[in-house]
Amino acid sequence: MQVGIVSDTHDNARYVERAVSYFEQQGVDAVVHCGDFVAPFSATPFDADFDFYAVRGNNDGEWALQNVVGEFGTYLGEMGELTFDGTDFAVYHGTSRPIVDALVDCGRYDYVVHGHTHEKATEERNGTVRINPGGIPIPDAPAPPNAVVVETDSGAVHVESLSD
């Protein structure tokens with residue numbers, strides 16, 4: 001199974017469209033958004049040919065977001081757990097680094113996916129892979145935003161830049 005991961009799109013229609021297009025081209029089965037859509041209209045393009053899951057980010061101020069996502073996907077609230085083909089994911093926006101580290105270090109999950117920092121990261125610790133796909137460019141994180149695809153059967157992690 002292929003699981004797409006994206007975060008911190010912040011109403012940037014160009015990056016949202018590129019992420020959705022990439023996920024469709026890859027034939028992903030599910031997409032997880034780690035928060036910070038910002039406005040509900042930024043979620044609607046994810047109503048595509050894959051299952052969709054999202055958590056709330058610290059800039060997702062409109063509660064209507066949960067209703068919009070709920071029309072075509074699953075809104076997980078502040079944090080969620082997902083299992084795809086026996087592979088366990090913890091999903092959190094990433095606002096608290098100690099919470100991210102606790103999720104990674106607890107040994108319960110195969111993957112901990114988060115955003116918030118806008119800094120792309122993939123690291124393995126004691127059998128758990130932490131993935132932050134990055135987000136729109138901000139001064140402290142000049143790397144471009146990315147879409148990530150995880151292959152649950154092989155454990156492969158593919159990163160695709162969404163910039164020009």
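Report, by residue number, each residue of the range 130-154 that is free of Cβ contacts under 8 Å to residues at least 40 places away in the same chain and of a type in the set (Gly, Ala, Ser). Of everything in the range 130-154, those that are free of Cβ contacts under 8 Å to residues at least 40 places away in the same chain and of a type in the set (Gly, Ala, Ser) turn out to be 141, 143, 154.
Conditions tested, residue by residue: (1) in contact with a Cys (Cβ under 6 Å, 6 or more places away or on another chain); (2) at pLDDT 95 or above; (3) assigned to a loop (DSSP other than H, G, I, E, B); (4) surrounded by 15 or more Cβ atoms within 10 Å (Cβ to Cβ).
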{"position": "19", "(1), (2), (3), (4)": "no, yes, no, yes"}
{"position": "25", "(1), (2), (3), (4)": "no, yes, no, no"}
{"position": "28", "(1), (2), (3), (4)": "no, yes, yes, yes"}
{"position": "41", "(1), (2), (3), (4)": "no, no, no, yes"}
{"position": "49", "(1), (2), (3), (4)": "no, yes, yes, no"}
{"position": "52", "(1), (2), (3), (4)": "no, yes, no, yes"}
{"position": "59", "(1), (2), (3), (4)": "no, no, yes, yes"}
{"position": "67", "(1), (2), (3), (4)": "no, no, no, no"}
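Among residues that are part of a strand (DSSP E or B) and either modelled with pLDDT of 95 or more or within 17 Å of residue 7 (Cα to Cα) (or both), residue 158 is included. Taking the stated definitions as given, is residue 127 in contact (Cβ under 8 Å) with a residue 24 or more places away in the chain and over 16 Å from the mean Cα position of the chain (by Cα)? It is false that residue 127 is in contact (Cβ under 8 Å) with a residue 24 or more places away in the chain and over 16 Å from the mean Cα position of the chain (by Cα). Go through the range 124-149 and give me each residue that's in a strand (DSSP E or B), modelled with pLDDT of 95 or more and within 26 Å of residue 50 (Cβ to Cβ). Of everything in the range 124-149, those that are in a strand (DSSP E or B), modelled with pLDDT of 95 or more and within 26 Å of residue 50 (Cβ to Cβ) turn out to be 124, 128, 129, 130, 131, 132, 147, 148, 149. Of all residues being farther than 14 Å from residue 133 by Cα and touching a Phe, Trp or Tyr at 6+ places or on another chain (Cβ under 9 Å) in the range 87-99, which is surrounded by the fewest Cβ atoms within 10 Å (Cβ to Cβ)? Just the residue, please. Out of the qualifying residues, it is 88.
The values are calculated or read from the model by the stated rules, or taken from the named source; none is laboratory data. Since the model is a prediction, treat every value here as computed from it, not as a measurement. No Cβ is skipped: glycine too gets one built from the backbone with ideal geometry, and neighbour counts run over all protein chains shown.
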